[in-house]
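Heads up: the structure comes next, in structure tokens.
The values are calculated or read from the model by the stated rules, or taken from the named source; none is laboratory data. Predicted, not measured: the structure shown is a model, and the values here were computed from it. Note: ideal-geometry Cβ built from the backbone for every residue, glycine included; neighbour counts use all protein chains shown. Note: areas computed on protein heavy atoms with side chains; ligands, DNA, RNA excluded. Shrake-Rupley method; radii C 1.70, N 1.55, O 1.52, S 1.80 Å.
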Amino acid sequence: VQLQASGGGVVQAGGSLRLSCAASGRTFSTYIMGWFRQAPGKEREFVAAISWSGGTTVYAAFVEGRFTISRDNAKNMVTLQMNSLKPEDTAVYYCAARRSLSGGWKLPQNYDYWGQGTQVTVSS
């Protein structure tokens, strides 16, 4: 599967952004989808993930109810709605896909496919 992330930009603290990840292929609904982010000089970290059907979602602790991950299997799309953004949310955001249920959802090494990333900058 090929992934294309979009929707990043520059926003003031407290603002919102909606990231989208478009996937190619007919088997999108068989992938667990995740969002990760990487700030300069830091390791890539987990943000959120969603199950095949969308019935299960997992979030990083720092999300604190501000972000919502969702998916539309008919459109091969996963989105990350980000509200109440903080300057520390500034990073390149990546969408990722995995087939296997084994292994933690929060570990980037357990994902098989990655998009190219979209920059999110939150100004104070």
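The table below gives the values:
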{"item": "Residue check, Ala60 modelled with pLDDT of 95 or more, surrounded by 21 or more Cβ atoms within 10 Å (Cβ to Cβ) and within 15 Å of Trp105 (Cα to Cα)", "result": "no"}
{"item": "Residue count, the stretch 39-56 (criterion: open to solvent by less than 60 Å² (accessible area, probe 1.4 Å) and not in a loop (DSSP other than H, G, I, E, B))", "result": "5"}
{"item": "Number of positions in the stretch 38-58 that are among the hydroxyl-bearing types (Ser, Thr, Tyr) and either under 19 Å from Thr118 (Cα atoms) or more than 13 Å from the chain's Cα centre (by Cα) (or both)", "result": "2"}
{"item": "Verdict on Asp72 being closer than 25 Å to Gly9 by Cβ, at pLDDT 95 or above, of a type outside the set (Phe, Trp, Tyr) and open to solvent by 20 Å² or more (accessible area, probe 1.4 Å)", "result": "yes"}
{"item": "Members of the stretch 57-77 that are of a type in the set (Asp, Glu) and outside any loop (DSSP other than H, G, I, E, B)", "result": "Asp72"}
{"item": "Residue in the stretch 68-80 that is within 20 Å of Phe28 (Cα to Cα) and touching a residue at least 60 places away in the same chain (Cβ under 8 Å) present", "result": "yes"}
{"item": "Enumeration of residues in the stretch 3-38 that are more than 21 Å from Thr56 (Cα to Cα) and at pLDDT below 95", "result": "Ser24, Gly25, Arg26"}
{"item": "Subset of the stretch 84-101 that is within 14 Å of the chain's Cα centre (by Cα) and not in a strand (DSSP E or B) - its residue that is surrounded by the most Cβ atoms within 10 Å (Cβ to Cβ)", "result": "Asp89"}
{"item": "Ala96 in contact with a helix residue (DSSP H, G or I) (Cβ under 8 Å, 6 or more places away or on another chain), over 19 Å from Asn110 (Cβ atoms) and touching a residue at least 12 places away in the same chain (Cβ under 8 Å)", "result": "no"}
{"item": "Failed item in (1) touching a residue at least 60 places away in the same chain (Cβ under 8 Å); (2) part of a loop (DSSP other than H, G, I, E, B); (3) open to solvent by less than 60 Å² (accessible area, probe 1.4 Å), with Gly104 passing the rest", "result": "(1)"}
{"item": "Subset of the stretch 1-19 [at negative phi, open to solvent by 30 Å² or more (accessible area, probe 1.4 Å) and not hydrophobic (A, V, I, L, M, F, W, C)]", "result": "Gln2, Gln4, Ser6, Gly8, Gln12, Ser16, Arg18"}
{"item": "Selection within the stretch 17-38 - of a type outside the set (A, V, I, L, M, F, W, C) and part of a strand (DSSP E or B)", "result": "Arg18, Ser20, Gly34, Arg37, Gln38"}
{"item": "The one condition in (1) farther than 17 Å from Gly25 by Cα; (2) within 14 Å of the chain's Cα centre (by Cα); (3) at pLDDT 95 or above that Trp114 fails to fulfil", "result": "(1)"}
